[in-house]
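Below: one structure, written as structure tokens.
Every read-out reported here was derived from the displayed coordinates using simple, explicitly stated rules and does not represent laboratory data. This structure is a prediction, so every number in the text was calculated from the model and none was measured. Because the Cβ atoms are built from the backbone with ideal geometry, glycine has one as well, and the counts that use them run over all protein chains shown.
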Amino acid sequence: MGRLSRAQVLDAALALADRDGIAKLSMRRLGAELGVEAMTLYYYVPNKDAVLDGLVERIVASVAPRPSGPRAVWLGEFAHAFRAELLRHPAVVPLVATRPVATPEALAAVERAAAALVAEGLAPLRAFQLLNAVTTFVIGHTLAELDAGGGDSGDVPAVAAMELPCLTRALAAGLGTRADHDERFESAVRALLAGIE
């Protein structure tokens, strides 16, 4: 293999995490994935923490808000794009939930969104609080969705046997299905953004 780049290393790390999970991501396995010795990787990333920060960067930068038009519209578009990207990379969601945005590229993406809000008259602190509210909601919703299986409506007969009629009817009507997750997410985003406005 020819000369690598940091981007290639992070792309390979994301592919490895998608396929095998974060727990199996090591510098040795990443090197093998790229056809190089693990020590070669340190020329592009200083350590495994930098790789993990880079994975967060990959997710954040790929869905950075594109401020244009009313803020409720572009923040809503961002929320949907962020959730879709997290669902494409479920193994990385816990990293996004627990590691701070730390790389220059990821921070620059957040800065651009905050600057658009400041240009609308918000104080910088309020702009970052608003972005945090949206991103925290999306991450939390997606974590819950993934933990629930993302498409299994549950065992309706077992719940019915517990004599929980409301829950039984809700499960039978599709509670917990992919369509239900989509509908709940859309409804919650609208409510969140309406409350912000």
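Using θ = phi - 60° and the Karplus curve 6.51 cos²θ - 1.76 cosθ + 1.60, what whole-Hz ³J(HN,Hα) does each residue of region 57-74 get, with Gly and Pro shown as x?
Those phi angles translate into 4, 4, 5, 5, 5, 6, 10, 3, x, 10, x, 6, x, x, 4, 4, 6, 6 Hz.
For the chain, what are Rg and Dmax over the alpha carbons, in angstrom?
Reported Rg and Dmax, both Å: 19.9, 64.
For n ≥ 4 DSSP H runs only, could you compute -39500 (n - 2.57) per run for the chain, divide by its residues and tell me the 222 nm figure to the nearest 500?
-22000 deg cm²/dmol
Convert each backbone phi in region 89-104 into a coupling constant with the Karplus relation 6.51 cos²θ - 1.76 cosθ + 1.60 (shift: θ = phi - 60°), then list the ³J(HN,Hα) values in order as whole Hz, x for Gly and Pro.
Karplus-based 3J(HN,Hα) across region 89-104 equals 10, x, 5, 8, 4, x, 5, 4, 6, 10, 9, x, 5, 10, 8, x Hz.
Specify, per residue and in Å³, the volume enclosed by the convex hull of the alpha carbon atoms belonging to region 1-45.
61 Å³
Give me the angle, in degrees from 0 to 90, between the Cα long axis of helix 124-147 and the longest principal axis of the Cα atoms of the chain, rounded to the nearest 10.
Between helix and principal axis, roughly 70 degrees.
Angle, helix 178-196 long axis vs. longest principal axis of the chain, Cα atoms, 0 to 90°, nearest 10?
Computed tilt is about 90 degrees.
Please give the FRET efficiency for N47 paired with V118, using the beta carbon to beta carbon distance and R0 = 35 Å, rounded to the nearest 0.05.
0.55
At I196 and A38, where each label point lies 7 Å from the Cα along Cα→Cβ, what is the point-to-point distance in nanometres?
Placing both labels 7 Å beyond Cα along the Cβ direction yields 4.2 nm.
List the chymotrypsin sites (Phe, Trp or Tyr not before Pro) within region 1-93 that fall in a DSSP loop (any state other than H, G, I, E or B) and whose Cβ has at most 12 other Cβ atoms within 10 Å.
Qualifying residues, ordered by number: Y43.
For T103, what charge total do you get from the other residues with a beta carbon under 13 Å from its beta carbon, if Lys and Arg give +1 and Asp and Glu give -1?
Once all neighbours under 13 Å are counted, the net charge is -2.
If amide hydrogens are placed 1.01 Å from N in the peptide plane, which non-local residues have theirs closer than 5 Å to the one on L175?
The answer is none.
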